[in-house]
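Below you'll find the structure, written out as structure tokens, and then a few comments.
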2 protein chains.
Amino acid sequence: MTQEYHDQPLPAAALDQIFREARTYNGWLDKPVSDEQVHAIYELMKMGPTSANMQPARIVWAKSDEAKQALADRCSEKNAPKILAAPVTAIIGYDIDFHEELPWLFPHTDAKSWFEGDEEGRKQGAFRNSSLQGAYFIIAARALGLDTGPMSGFDNAAVDKHFFVDQPRVRSNFICSVGYGDPTSIFERSPRPEFDKFNRVI
Amino acid sequence: MTQEYHDQPLPAAALDQIFREARTYNGWLDKPVSDEQVHAIYELMKMGPTSANMQPARIVWAKSDEAKQALADRCSEKNAPKILAAPVTAIIGYDIDFHEELPWLFPHTDAKSWFEGDEEGRKQGAFRNSSLQGAYFIIAARALGLDTGPMSGFDNAAVDKHFFVDQPRVRSNFICSVGYGDPTSIFERSPRPEFDKFNRVI
């Protein structure tokens, strides 16, 4: 039986933690993130919904000094020092041949056949849904008492060639540092729109 | 001063509500969603991070019978009845000219100039970041005690023409119903991958 939570909002402190008080960090406290925490982030984020349960995200977690340096070398000058300072930075990629996995990920129908011969559609679906998964990643890390620093300033082709060399059908989407944010590394929060600016109820 | 939550995971029940027990619904209880709830979802989701705070999502909430019918008419046969039954279905679009808003959304630098003359880059950034915002939407609704039903089976061009006729630079990304999920409308949860299947720590 599925648990339901109708009209039971999370406590204000929980909404603060995952949305209202959480921030994107540029600097990190000198405190490691364990493999257990890395696993815990994935165990939560994988529960978030994707179209036909396609789960297209493929993640490389750069945690060793060597891996961090290799990633930093392929990033913008502004992002390189952030990566070197962070305990771990995840490269969130997407598999444009995700449909090969659908027979076990979406077993009750032949979903693989929906995507065969439609590489453009697969690229769009994988990019959209791996982005959703990237957002679940960010919320999951925050929900576990960690901070994140998502970034897109890097050389995608060079990152793919280095980190996904054995997975030629995987493309990097964005990267995201995880750790304990240094509060001195952030500025005032950027403005957020009023509802009526970007929404219409009809 | 920014609140920090280091090593303070949310209670298990909160993680269940937003990730582990939450499900995508196909059917809905006959119980309305108020405009206040619609606003509350946006007030949370807008706090989620986007690249250079670009906030490219533009949302039309189809709540009246007329708007729901117009959306259902432009959706797949499988999705049309779900939309007619849901209290509200949001059309999550993205503005490929989001950079026009950056002078106030990201005021401390001239971020608008980064995107001028690069429509392909803007399309990619708007698609990626509106997808992130779509995931924040889903988590925000769940955190508020509501259920969601995200869908991508619709005629994007026809939806854009009808719902974004006055915003020719906005493209639909995906749609998402919101309401109180009918537990009889779902099946067993689809399988989720073990960590090692789609992750590497290096």
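The values are calculated or read from the model by the stated rules, or taken from the named source; none is laboratory data. Remember, predicted model here, so these are calculated numbers, not experimental data. Glycine gets a Cβ as well: all are built from the backbone with ideal geometry, and neighbour counts include every protein chain shown. For accessibility, only protein heavy atoms count, side chains too; no ligands or nucleic acids. Shrake-Rupley method; radii C 1.70, N 1.55, O 1.52, S 1.80 Å.
General observations
- Residue list for the range B:36-49, restricted to those being open to solvent by 10 Å² or more (accessible area, probe 1.4 Å) and at the interface with chain A (Cβ under 9 Å from one of its Cβ atoms): B:His39, B:Ala40, B:Glu43, B:Lys46, B:Met47, B:Pro49
- Boolean, A:Gly93 is in a helix (DSSP H, G or I) and open to solvent by less than 40 Å² (accessible area, probe 1.4 Å): no
- Number of residues in the range A:96-121 that are in a loop (DSSP other than H, G, I, E, B) and in contact (Cβ under 8 Å) with a residue 60 or more places away in the chain: the value is 2.
- Pairs with Cβ under 6 Å, 6+ apart, first in the range B:155-174 and over 18 Å from A:Ile202 (Cα atoms), second assigned to a loop (DSSP other than H, G, I, E, B): B:Asp155/B:Arg74; B:Arg169/B:Ile96; B:Arg169/B:Asp97
- The residues of the range A:1-13 that are over 30 Å from A:Ala86 (Cβ atoms) and either within 7 Å of chain B (Cβ to nearest Cβ) or under 19 Å from the mean Cα position of the chain (by Cα) (or both), listed by number, are A:Thr2, A:Gln3, A:Glu4, A:Tyr5, A:His6, A:Asp7, A:Gln8, A:Pro9.
- Test for A:Met54: is it more than 8 Å from chain B (Cβ to nearest Cβ), buried (at least 22 other Cβ atoms within 10 Å of the Cβ) and not basic (Lys, Arg): yes
- If the condition is being outside any loop (DSSP other than H, G, I, E, B) and surrounded by fewer than 20 Cβ atoms within 10 Å (Cβ to Cβ), then the range A:156-167 contributes A:Asn156, A:Ala157, A:Ala158, A:Asp160, A:Lys161, A:His162.
- Residues of the range B:53-87 that are under 13 Å from the mean Cα position of the chain (by Cα) and at negative phi: B:Pro56, B:Ala57, B:Arg58, B:Ile59, B:Val60, B:Trp61.
- For the range A:188-196, the criterion of a residue being modelled with pLDDT of 95 or more and in contact with a strand residue (DSSP E or B) (Cβ under 6 Å, 6 or more places away or on another chain) is satisfied by no position.
- Search result, residues across the range A:21-65 that are touching a helix residue (DSSP H, G or I) at 6+ places or on another chain (Cβ under 7 Å) and hydroxyl-bearing (Ser, Thr, Tyr): A:Tyr25, A:Tyr42, A:Thr50, A:Ser51
- Answer residue from the range B:121-155, given it is within 20 Å of B:Lys78 (Cβ to Cβ) and more than 10 Å from every other protein chain (Cβ to nearest Cβ) and is least open to solvent (accessible area, probe 1.4 Å) among those: B:Phe154
- Of all the criteria given as (1) touching a Phe, Trp or Tyr at 6+ places or on another chain (Cβ under 8 Å); (2) at pLDDT 95 or above, the one not satisfied by A:His108 is (2).
- Tally of residues being under 20 Å from A:Ile83 (Cβ atoms), out of contact with any Phe, Trp or Tyr (no Cβ under 8 Å at 6 or more places or on another chain) and at pLDDT 95 or above across the range A:151-182: 14
- Number of positions in the range B:179-202 that are within 25 Å of A:Ala111 (Cα to Cα), more than 8 Å from chain A (Cβ to nearest Cβ) and of a type outside the set (Ser, Thr, Tyr): 6
- Of the candidates A:Phe98, A:Phe115, the single residue that is modelled with pLDDT of 95 or more, within 19 Å of the chain's Cα centre (by Cα) and over 30 Å from A:Asn26 (Cβ atoms) is A:Phe98.
- Meets criteria (within 13 Å of chain B (Cβ to nearest Cβ) and within 21 Å of A:Val165 (Cβ to Cβ)) for A:Ala111: no
- The range B:59-90, residues that are assigned to a strand (DSSP E or B) and either without any contact (Cβ under 8 Å) to a residue 12 or more places away in the chain or open to solvent by 10 Å² or more (accessible area, probe 1.4 Å) (or both): B:Cys75
- Residue count for the range A:168-202, restricted to those that are open to solvent by 60 Å² or more (accessible area, probe 1.4 Å), in a loop (DSSP other than H, G, I, E, B) and closer than 29 Å to A:Asn156 by Cβ: 4
- Some residue of the range B:14-35 being more than 7 Å from chain A (Cβ to nearest Cβ), part of a helix (DSSP H, G or I) and free of Cβ contacts under 8 Å to residues at least 60 places away in the same chain: no
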